[in-house]
Amino acid sequence: MKISNDLKQVQSIQHTRANSESKVSFDHLVQSQTLKMKQQEIQQLMVKITEQGNKLARYRTFRELVKFKKLVKGFLEETVYQGYDLDKNHHFSLEGHSRQLTLVKEIDEKLVELTDALMNQEKKTVDLLGLIGEIKGLLINLYI
């Protein structure tokens, strides 16, 4: 009887180990798929920002500007504010400021500059495209 009890205990331990190993691999699979989906969402947002930036440069209306700003805001929320962090290391300056916060502030400044340029109808389309390109570059910098 004692041998059968010991055998049952060994079998239950092996069964528990198999369950925990499959659970770990399942958790890893879920995390990797979630990361892939997030990356695809970020890439789709960047494509939409590019398309809207081209529309903004072409039509130069406040409606297109608002759409562009909403897309940039959505990108920032997705990458920064909701904790999507590809680079887990935070780079702090001597003053203690984080690199990400500096980039977000710079993006905000560029959006204000873009709004001012759009209000000044004398600006050339090339200038607007340059500002839009700078904003996209900062967003890519934030993403990478």
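The values are calculated or read from the model by the stated rules, or taken from the named source; none is laboratory data. Because the structure is predicted, anything quoted here is derived from the model rather than measured. With ideal geometry, Cβ positions are generated from the backbone for all residues, glycine too; neighbour counts draw on all protein chains shown.
Odds and ends about this structure:
- All of 83, 96 fail the test of being at pLDDT 60 or above and over 23 Å from residue 53 (Cβ atoms), apart from 96.
- Of all the listed residues (123, 73), the sole one being modelled with pLDDT of 70 or more, of a type in the set (D, E, K, R) and part of a helix (DSSP H, G or I) is 73.
- Filter pass, residue 138 being surrounded by 12 or more Cβ atoms within 10 Å (Cβ to Cβ), modelled with pLDDT under 80, out of contact with any strand residue (DSSP E or B) (no Cβ under 8 Å at 6 or more places or on another chain) and assigned to a helix (DSSP H, G or I): no
- Here the condition is being in a helix (DSSP H, G or I), among the aliphatic types (A, V, I, L, M), modelled with pLDDT of 75 or more and more than 13 Å from the chain's Cα centre (by Cα); of 7, 29, it holds for 29 alone.
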